[in-house]
There are 2 protein chains.
Amino acid sequence: MELAAFFPMLGELPEAERAKLADAAVYRRVPAGTVLHDGASGCTGLLLVASGQLRAYIFSPEGREITLYRLFERDVCLLSASCMIQSLQFDITVEAEKASEVWVIPAKVYQKAAESCAALANYTNQIMASRFSEVMWRVEQLLWKSMDKRLAGFLLEEAALEGGGTLHITHEKIANHLGTAREVVTRVLRDMQNEGLIRLSRGTVELTDEKRLRKLSAQ
Amino acid sequence: MELAAFFPMLGELPEAERAKLADAAVYRRVPAGTVLHDGASGCTGLLLVASGQLRAYIFSPEGREITLYRLFERDVCLLSASCMIQSLQFDITVEAEKASEVWVIPAKVYQKAAESCAALANYTNQIMASRFSEVMWRVEQLLWKSMDKRLAGFLLEEAALEGGGTLHITHEKIANHLGTAREVVTRVLRDMQNEGLIRLSRGTVELTDEKRLRKLSAQ
């Protein structure tokens, strides 16, 4: 697992910076369900995903979750290193959704390198802008789209990620992604089943009419 | 109106970069209501607020507005220069809420300076992180707070900005800030009036019990 293979940016840095980042990076292999970062854990550092799938989410005061974005192979999580950007004033939780391999670059080392290296600072900018854009996309969905359309979009996204039309997922988990109550998810899923879009059984949701789901999601 | 007075960062740049930014900056004085940037206008550039008050907001597909953040003297708007950050993939509208004076730095000039200057690139990062944090704060309000609490918070914010407890604002305008329908605002305001928190008259909202409004907003 070569760091450089998952972090091409490294090749564009001066030798001194490159060596410092590579020396400080820690490789971790974690099972699904591992919380890699949360507000209480302070400054974890940059997370580079070598394999697997991470999920970043926030909590309501009552403990309700809502997914902000997901990270896949070669993605970089910057918000887990929020201490290095003074103006970043909110907390997220990052969890491995599948068994994952990540490189962790300590925030202090990265920050020091970026202070003198414009290329790295501009790269940081691009990463932050990507996450900001993803969050804005989710926010617009949340604000302007009804739950049936958002749920149709979520089911299609999951089917694409899992590579199949039968999802092994509980209503509770879906609710946590979408920031709503389990009861709401159950009600909307039943409506969808009545309309022939999906078939429900214990612990699974089968997509039976992806074309109409796509149409619903795009409305 | 010296640019450097409103953009202290300028003093930390090498002479060559400083001169380029200062030469390219355009000073504008605009009346309240002027749209300084929107999705259609392409890449306006960085906006530095010398005086006045700007509002950044997004639109729903049906044309409903929602305020993301406001900018005051010495604040910098980066999202109006989204073209210079490739990964920034969403549009906002920026409008002068009050008569304002702004410096506009063309995106191309700023981007070129940041490419070779780590200090400027790291500064850009801090600005983006501030806006990202403000947007996250609004999103959390939107997601987890009921309309009466959000409205109480908005009225207090306005009173602080206007320096007085009598606001000259229509229900329509309040709805545009909060991303809801005018009818909803009218209903919640009437409830508040019945509870003695505010007094309504044509085109004004008078805060009659700021203490209880503060308590409501903080719940």
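The values are calculated or read from the model by the stated rules, or taken from the named source; none is laboratory data. Note that the structure is a prediction, hence the values are computed from the model and not measured. Don't worry about glycine lacking a Cβ; one is built from the backbone with ideal geometry, like all the others, and counts go over all protein chains shown.
With respect to being in contact (Cβ under 8 Å) with a residue 12 or more places away in the chain, of a type outside the set (Asp, Glu) and more than 13 Å from chain B (Cβ to nearest Cβ), A:Met128 falls outside the description. Is it fair to say B:Leu21 is within 19 Å of the chain's Cα centre (by Cα) and of a type in the set (A, V, I, L, M)? Criteria not met by B:Leu21. Scanning region A:192-213 for residues that are among the charged types (D, E, K, R), part of a helix (DSSP H, G or I) and surrounded by 14 or more Cβ atoms within 10 Å (Cβ to Cβ) yields A:Glu210, A:Arg212.
Starting from residues that are among the polar types (S, T, N, Q) and within 23 Å of the chain's Cα centre (by Cα), keep the ones in region B:198-219 and report whichever is nearest to B:Glu162 (Cα to Cα). This residue is B:Thr204. When region B:1-26 is filtered for residues that are touching a Leu at 6+ places or on another chain (Cβ under 8 Å), in contact (Cβ under 8 Å) with a residue 12 or more places away in the chain and either among the basic types (Lys, Arg) or not in a helix (DSSP H, G or I) (or both), the ones remaining, listed by number, are B:Phe7, B:Leu13, B:Ala25.
Residues that are surrounded by fewer than 16 Cβ atoms within 10 Å (Cβ to Cβ), more than 16 Å from B:Tyr57 (Cα to Cα) and modelled with pLDDT under 90 within region B:16-41 comprise just one, B:Ala16.
Just checking, does region B:157-167 include any residue being within 14 Å of chain A (Cβ to nearest Cβ), touching a residue at least 12 places away in the same chain (Cβ under 8 Å), over 30 Å from B:Lys112 (Cβ atoms) and buried (at least 18 other Cβ atoms within 10 Å of the Cβ)? Looking for residues that are within 14 Å of chain A (Cβ to nearest Cβ), touching a residue at least 12 places away in the same chain (Cβ under 8 Å), over 30 Å from B:Lys112 (Cβ atoms) and buried (at least 18 other Cβ atoms within 10 Å of the Cβ), one finds none in region B:157-167, hence no.
Summed over region B:163-219, residues that are in contact with a strand residue (DSSP E or B) (Cβ under 7 Å, 6 or more places away or on another chain) and on the phi > 0 side of the Ramachandran plot total 2.
Among the residues of region B:32-80, those identified as basic (Lys, Arg) and under 20 Å from B:Ser130 (Cα atoms) are B:Arg55, B:Arg70, B:Arg74.
Just checking, does region A:73-96 include any residue being within 26 Å of A:Ala160 (Cβ to Cβ), of a type in the set (Lys, Arg) and touching a helix residue (DSSP H, G or I) at 6+ places or on another chain (Cβ under 6 Å)? Among the residues of region A:73-96, at least one is within 26 Å of A:Ala160 (Cβ to Cβ), of a type in the set (Lys, Arg) and touching a helix residue (DSSP H, G or I) at 6+ places or on another chain (Cβ under 6 Å), which makes the answer yes.
Taken over region A:32-73, the criterion of being more than 14 Å from chain B (Cβ to nearest Cβ), of a type outside the set (A, V, I, L, M, F, W, C) and either more than 22 Å from A:Leu3 (Cα to Cα) or assigned to a loop (DSSP other than H, G, I, E, B) (or both) is satisfied by A:Gly33, A:Thr34, A:Asp38, A:Ser41, A:Gly42, A:Thr44, A:Gly45, A:Gly52, A:Gln53, A:Glu73. Identify all residues within region B:105-143 that are polar (S, T, N, Q), crowded, with 18+ Cβ neighbours inside 10 Å and either under 17 Å from the mean Cα position of the chain (by Cα) or modelled with pLDDT under 90 (or both); write none if there are none. Listed by number, the list holds a single entry, B:Ser130. For region A:80-91, check the following and say yes or no: at least one residue is facing another protein chain (nearest Cβ under 9 Å), buried (at least 20 other Cβ atoms within 10 Å of the Cβ), part of a helix (DSSP H, G or I) and of a type in the set (Gly, Ala, Ser). Yes: region A:80-91 contains one or more residues that are facing another protein chain (nearest Cβ under 9 Å), buried (at least 20 other Cβ atoms within 10 Å of the Cβ), part of a helix (DSSP H, G or I) and of a type in the set (Gly, Ala, Ser). Scanning region B:168-191 for residues that are of a type outside the set (Asp, Glu), without any contact (Cβ under 8 Å) to a residue 40 or more places away in the chain, more than 20 Å from B:Tyr57 (Cα to Cα) and assigned to a helix (DSSP H, G or I) returns B:Thr186, B:Arg187, B:Leu189, B:Arg190.
Please determine, by comparing only the residues of region B:92-104 that are among the hydrophobic types (A, V, I, L, M, F, W, C) and crowded, with 17+ Cβ neighbours inside 10 Å, which one is nearest to the other protein chains (Cβ to nearest Cβ). Here the residue is B:Ile92. All conditions but one from (1) within 30 Å of B:Leu13 (Cβ to Cβ); (2) facing another protein chain (nearest Cβ under 10 Å) apply to A:Tyr110; the one that does not is (2).
Among all residue pairs at least 6 apart or on different chains, which show Cβ distances below 6 Å where the first residue, located in region B:112-125, is assigned by TED's automatic domain parsing to the domain that holds B:Ser80 and at positive phi and the second is surrounded by fewer than 23 Cβ atoms within 10 Å (Cβ to Cβ) and not charged (D, E, K, R)? Short answer, once both residue conditions are applied: none.
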